[in-house]
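Inspection log for the structure reproduced underneath, given as structure tokens.
The values are calculated or read from the model by the stated rules, or taken from the named source; none is laboratory data. Just so it is clear, the structure is predicted and the values come from calculations on it, not from any experiment. So basically every Cβ, Gly included, is an ideal-geometry build from the backbone, and we count neighbours across all protein chains shown.
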Amino acid sequence: MKRVSGILWAELRNMRFYDGSTDPNDHLTRFAGAANQGQWPMPTWCLMFQQTLDGAAGGWFERLEPGSIDSWYELREQFSTRTSLRKKCIKDPTEITKIVRRAHESLPDFKERWMDEASYISGVPEIIRISAFMGAHKCPALAKKFSDRVPHSVTEMFTRVDDFVRSEEAYKSTELPKGEGFDQNRRKITSKVIDHETKE
């Protein structure tokens, strides 16, 4: 399958990734042209279309419910509906500062929501996007990471967010449940005292 995917991907090498900043209809036309030229079987269209999406568009595809798409035509319609809605919902650029992390919302969930909602807001310079997210995630540990080295692009910022989340999860997986270390040491000390008194 890897070899076949490599051959199929070669057909798309001249295509730009779609991240929501270009015309979605142009992207669909270019993709269909590559698929027809390569004479791909229809089920392959959906699999390969995913590979052409990036940023918020890629996140949208990943959040589709399993089994919700049965054909390329359904995927195309959902993609077109989503992008046409996006065009109608362009907001004032300052609205991006109102996307903030909610109570009890995990950092990964907030990142995905921020990417999706921010994709509806056009005309926001990259430095403002970076500043808006950094001021909205409400995670002191992550804020310290960013203060040590400010990201130069949104892509770099989210790569570092993902790395931070993975490092935090790895740390938690090695952390003892609260009180367990103390209880174990206390049991060991108590056991030694009892053994000592018994021997005497």
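When the residues of the stretch 101-153 are narrowed to those that are assigned to a loop (DSSP other than H, G, I, E, B) and among the small types (Gly, Ala, Ser), which ends up nearest to residue 79 (Cα to Cα)? First the steps, then the outcome.
Looking only at the stretch 101-153, we keep the residues that are assigned to a loop (DSSP other than H, G, I, E, B), and these are 101-106, 119-125, 135-139, 149-153.
With the extra rule that they be among the small types (Gly, Ala, Ser), the set shrinks to 103, 106, 119, 122-123, 135-136, 153.
Working: 103: 31, 106: 27, 119: 14, 122: 19, 123: 22, 135: 31, 136: 28, 153: 26 Å.
Out of the qualifying residues, it is 119.
Considered as a group, the residues in the stretch 136-176 that are farther than 15 Å from residue 107 by Cα and acidic (Asp, Glu) include one that is surrounded by the fewest Cβ atoms within 10 Å (Cβ to Cβ), and that residue is 148. Between 69, 90, which is modelled with pLDDT of 85 or more, of a type in the set (A, V, I, L, M, F, W, C) and part of a loop (DSSP other than H, G, I, E, B)? Of 69, 90, the one residue that is modelled with pLDDT of 85 or more, of a type in the set (A, V, I, L, M, F, W, C) and part of a loop (DSSP other than H, G, I, E, B) is 69.
Any chance the stretch 34-54 includes a residue that's among the aliphatic types (A, V, I, L, M), at pLDDT 80 or above and touching a strand residue (DSSP E or B) at 6+ places or on another chain (Cβ under 8 Å)?
Initially, the stretch 34-54 is screened for residues among the aliphatic types (A, V, I, L, M), giving 34-35, 42, 47-48, 53.
With at pLDDT 80 or above added as a condition, the list becomes 34-35, 42, 47-48, 53.
Imposing the further condition that a residue be touching a strand residue (DSSP E or B) at 6+ places or on another chain (Cβ under 8 Å) reduces the set to 53.
Within the stretch 34-54, one or more residues are among the aliphatic types (A, V, I, L, M), at pLDDT 80 or above and touching a strand residue (DSSP E or B) at 6+ places or on another chain (Cβ under 8 Å).
When you go through 121, 128 one by one, which is the residue that is farther than 22 Å from residue 63 by Cα, surrounded by 14 or more Cβ atoms within 10 Å (Cβ to Cβ), outside the structural domain of residue 60 (by TED's automatic domain parsing) and of a type outside the set (Phe, Trp, Tyr)? On inspection, the qualifying residue turns out to be 128. Screening residue 102 with (1) loosely packed, with under 13 Cβ neighbours inside 10 Å; (2) within 18 Å of the chain's Cα centre (by Cα); (3) at pLDDT below 85 gives one miss only, at (3).
Can you tell me which residue among 146, 133, 79 is in the same structural domain as residue 43 (by TED's automatic domain parsing) and among the aromatic types (Phe, Trp, Tyr)?
79
Please give the helices (runs of 4 or more DSSP H) falling wholly within the stretch 20-63 in which 3 or more residues are of a type in the set (A, V, I, L, M).
Those helices (runs of 4 or more DSSP H) span 24-37, 42-50.
Each residue in the stretch 52-71 was checked for being of a type outside the set (D, E, K, R) and surrounded by fewer than 16 Cβ atoms within 10 Å (Cβ to Cβ), and 5 pass.
Do we find a residue being in contact with a Gly (Cβ under 7 Å, 6 or more places away or on another chain) and hydrophobic (A, V, I, L, M, F, W, C) anywhere in the stretch 34-56? Within the stretch 34-56, one or more residues are in contact with a Gly (Cβ under 7 Å, 6 or more places away or on another chain) and hydrophobic (A, V, I, L, M, F, W, C).
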